Every structure is written in structure tokens, then in C-alpha cells.
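Report on one structure; see the data block that follows.
The values are calculated or read from the model by the stated rules, or taken from the named source; none is laboratory data. Note that this is a predicted model, so its numbers are computed, not measured. As a convention, Cβ positions derive from the backbone with ideal geometry for all residues, glycine included, and neighbour counts pool all protein chains shown. Heads up: the accessible areas ignore ligands, DNA and RNA and are worked out on the full protein's heavy atoms, side chains in. Shrake-Rupley method; radii C 1.70, N 1.55, O 1.52, S 1.80 Å.
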Amino acid sequence: MSEANAIDAQHVELTYADGTEAVTDLTLTIPNGELFGFLGANGAGKTTTIKVLTTLLEPTGGTVTVNSYDVADEPRAVRESIGYMAQETSVDLELTARENIQFACEIYGVPADERTARIDDLLDLVDLADVAGKPAKEFSGGMKKRLDAATALVHEPPIVFLDEPTTGLDPKARNRLWDYFEHINERGTTIFLTTQYLEEADQLCDRIGVLRNGEIVASGSPAELKDRVGGAVLDIEIADPEETLERAHRVATETDVFDGTPIDRTETGLSIRSTAARQQGTELLAALMDAGITVTGFNIRDPTLDDVFLTITDGNDVEVNGVDAEATATTEATR
Ligand SMILES: Nc1ncnc2c1ncn2[C@@H]1O[C@H](COP(=O)(O)OP(=O)(O)OP(=O)(O)O)[C@@H](O)[C@H]1O
């Protein structure tokens with residue numbers, strides 16, 4: 001078991017009864033102990049994939065093993081060896097924090113003589129020991145999420161699936177959950193995390209997979225993905241963008257300092273991602289100033305995961321992990 005991958009999905013497909021092809025050809029292996037981030041725009045198929053991996057949906061094509069158990073042939077063994085924190089919390093609001101975890105212990109068959117120690121340990125881990133006797137209905141959103149995460153772990157599963165675990169939480173509550181995920185990952189738990197927050201994936205994940213239209217179109221460590229997007233990002237801020245942005249965009253496009261590289265409009269000005277940004281950024285600046293546009297800010301930076309995500313989900317021509325994203329997008333658009 002320790003040698004095998006935690007998750008091994010090969011050419012997985014999931015077509016819903018109404019014909020929606022939510023997962024089209026997903027191949028993914030996740031080694032034991034990895035903290036894997038699963039990203040994709042709304043509707044890309046993230047939740048559907050998690051449901052397949054956690055046996056809530058049977059794949060309509062391909063094969064999946066989780067903890068070396070086949071999801072179609074051995075769903076029960078898969079379920080016993082995983083923890084799953086769904087998007088909606090499953091805590092019982094009438095029960096106290098301790099009772100919620102106790103209840104989860106009963107469901108997962110934690111031996112009776114181990115329960116008290118396990119519950120105390122988990123209450124400590126998610127920082128709810130002080131309020132263990134309070135009903136969950138008195139908890140904030142962040143506390144409920146932490147309690148939910150604790151209940152997903154009572155049987156000490158080697159793999160935990162977390163579906164957007166921090167959505168809707170304030171930054172402080174989010175940070176506390178991050179600490180908790182890092183802590184259980186350090187203990188050896190494999191984590192499969194979906195998130196809408198790219199900075200969350202950047203900070204926490206060993207590796208990230210980006211899903212588009214039911215297929216993984218890029219994967220790698222956050223640093224690798226940023227490298228593959230290539231070049232630097234040049235952000236230009238202009239005075240009075242509401243009035244001037246279109247003209248600035250036209251001047252920048254016509255000047256074409258970056259050889260046909262698309263120029264994005266932002267709320268405050270223009271943004272260009274190019275390998276030549278550092279060398280030729282000032283040329284564009286001069287062209288804008290010559291055209292009478294007041295530049296109020298000029299910054300050249302390394303790409304962030306947001307840039308990676310936008311580039312990939314826009315279907316731009318980026319070689320990512322051997323996959324030509326534009327070619328993939330064209331195929332999908334003509335389906
Ligand atoms: N029960 C269902 N029956 C038919 N189509 C569905 C069903 N559930 C989801 N879909 C469709 O499958 C596709 C993928 O949905 P899914 O919820 O997996 O995406 P997601 O990446 O998790 O999105 P989000 O970030 O919005 O949660 C979407 O087109 C969605 O409308």
C-alpha cells in the first residue's frame with residue numbers, strides 16, 4: 001500500500017443521465033502524502049470528479065483506484081479509507097461539537113475505547129476544545145467548517161477530499177483551516193483539495209491540476225506552472241481609465257511592441273504577459289506617453305497563479321505539461 005499511489009485515475013469519463021459530459025477524459029495519479037490542488041472554472045467538473053473519486057458517482061468510462069481499491073468494484077473499501085468534506089457542511093446544528101465528532105466516530109466504527117482520546121485530539125487539532133460543549137448552531141461559519149473537517153477525519157483516513165473547504169470564510173478563519181490542513185498533511189495524510197482561491201492553492205499545494213471541460217489541461221507545482229506560462233507580466237496604470245482605456249488599448253495594439261502578444265484591459269489600465277516585458281516594456285510606455293496618455297503606474301512582475309489560471313482557462317496558446325491548451329480548446333469548441 002505504501003508504494004502505491006493514493007489515487008490513480010485513468011481516462012475517466014462521467015456523463016450524466018441527461019447527456020451532460022461533465023468529465024471527458026481525466027487521467028491523474030496522486031502519490032501518497034501529496035497535497036494536491038484541483039482547480040477549474042465554475043462548471044469545469046471538479047465536484048463531479050470528487051464524487052467519482054469518493055464513490056458517490058460511478059464513472060461511465062475509465063478506471064479509478066483510491067488507496068488501491070477500485071471505486072466501481074470495491075466502493076465500500078474506498079469509503080472506509082477516505083474522509084470527505086463536501087461543499088455544504090454536514091454538522092448537526094443541534095448537537096455540540098463533541099457530540100458531532102462522537103456521532104461521526106459511531107458511523108465510522110471507531111472502537112469505543114479509542115473514542116474519547118480521538119475526540120479530544122481532534123477538538124484540539126481544529127481548535128474547538130474550549131467550545132466542545134456548545135451546540136454547533138452557536139458557531140460561526142469558520143467554526144462549523146473546522147468541526148466538519150474534524151468529523152471527516154475521525155477514522156484517521158489516509159486520504160481526505162476537501163471540496164472548496166474555505167469558500168465564504170474570512171481570511172482569519174481561512175488561515176486557521178490552512179494550518180489544520182498542513183498539519184494533517186505533515187502527519188502523512190494525502191489531501192485532494194478543490195478551491196476557488198488561487199492563493200490558497202499556491203500556498204498549500206505540492207502540485208496543482210487545472211481542469212477545463214472535464215479534462216486536466218495542465219499540472220505541476222505552483223512554481224512550475226508559473227514558469228511555463230513564461231515571461232513576465234507588465235501592468236500599466238493610466239489616468240482616468242474610464243475615458244482613456246480604449247484609446248490606450250488601441251495605441252498599445254497598433255504599436256505592437258510585443259509582436260502580436262494579446263494586451264488585456266484591466267480596471268486600471270493594461271496588462272501584457274510576454275518574455276520581452278522586461279526588455280521592451282519602456283518602449284510601450286513611451287508610445288503611450290507620445291499619444292498623450294498619462295501613465296500613473298508601471299510595474300513588471302513575475303506571473304502569479306492567477307495569470308496561469310487565466311491563461312489556461314481562456315484557452316490561450318500555452319504549452320502546459322505537454323498539452324497545447326489552444327489546440328485542446330479548439331477541439332472542445334467544435335464538439
Ligand atoms: N446532476 C447533474 N445532472 C446533469 N448535469 C450536471 C449534474 N451535476 C452537474 N452537472 C453539470 O456537469 C458539469 C460539471 O459540473 P460540476 O459541478 O462538476 O463542476 P464544478 O467544476 O464543480 O463547478 P463549481 O465550481 O461551480 O462547483 C456542469 O456543466 C454542470 O452543469
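Just to be sure I understand, how many residues within the range 32-90 are in contact (Cβ under 8 Å) with a residue 60 or more places away in the chain and small (G, A, S)? Qualifying residue count, the range 32-90: 11. Evaluation of F192 against the conditions (1) assigned to a strand (DSSP E or B); (2) modelled with pLDDT under 90; (3) within 16 Å of the ligand (Cβ to nearest atom) shows that the sole unmet condition is (2).
Of Q102, Q10, all but one fail to be buried (at least 17 other Cβ atoms within 10 Å of the Cβ), away from the ligand (no atom under 13 Å from the Cβ) and in the same structural domain as L128 (by TED's automatic domain parsing); the exception is Q102. Residues that are away from the ligand (no atom under 11 Å from the Cβ), part of a loop (DSSP other than H, G, I, E, B) and touching a strand residue (DSSP E or B) at 6+ places or on another chain (Cβ under 7 Å) within the range 15-74 comprise N32, G33, E34, T54, P59, T60, N67, V71, listed in sequence order.
Take A252 and decide whether it is of a type in the set (G, A, S) and free of Cβ contacts under 8 Å to residues at least 24 places away in the same chain. Show your work before the answer.
Details: of a type in the set (G, A, S): yes; free of Cβ contacts under 8 Å to residues at least 24 places away in the same chain: no.
Against the criterion (of a type in the set (G, A, S) and free of Cβ contacts under 8 Å to residues at least 24 places away in the same chain), A252 does not qualify.
In the set (1) away from the ligand (no atom under 15 Å from the Cβ); (2) touching a Lys or Arg at 6+ places or on another chain (Cβ under 6 Å), D92 fails one condition alone, (2). Test D235 against the criterion of being in the same structural domain as L147 (by TED's automatic domain parsing) and either more than 30 Å from F36 (Cα to Cα) or without any contact (Cβ under 8 Å) to a residue 12 or more places away in the chain (or both), and give yes or no. It is false that D235 is in the same structural domain as L147 (by TED's automatic domain parsing) and either more than 30 Å from F36 (Cα to Cα) or without any contact (Cβ under 8 Å) to a residue 12 or more places away in the chain (or both).
Restricting attention to the range 245-287, the residues being open to solvent by less than 20 Å² (accessible area, probe 1.4 Å) and touching a strand residue (DSSP E or B) at 6+ places or on another chain (Cβ under 6 Å) number 9. The single condition among (1) under 30 Å from F38 (Cβ atoms); (2) touching a Gly at 6+ places or on another chain (Cβ under 8 Å); (3) open to solvent by less than 10 Å² (accessible area, probe 1.4 Å) that L225 does not satisfy is (2).
Assessment of the range 160-169 against the conditions (aliphatic (A, V, I, L, M), at pLDDT 90 or above and touching a Gly at 6+ places or on another chain (Cβ under 7 Å)) yields at least one matching residue. Considering each residue of the range 156-165 in turn, none proves to be closer than 21 Å to L93 by Cβ, in contact with a Phe, Trp or Tyr (Cβ under 9 Å, 6 or more places away or on another chain) and β-branched (V, I, T).
Counting only residues that are more than 24 Å from Q102 (Cβ to Cβ) and either without any contact (Cβ under 8 Å) to a residue 60 or more places away in the chain or away from the ligand (no atom under 16 Å from the Cβ) (or both), the range 141-172 holds 6 of them.
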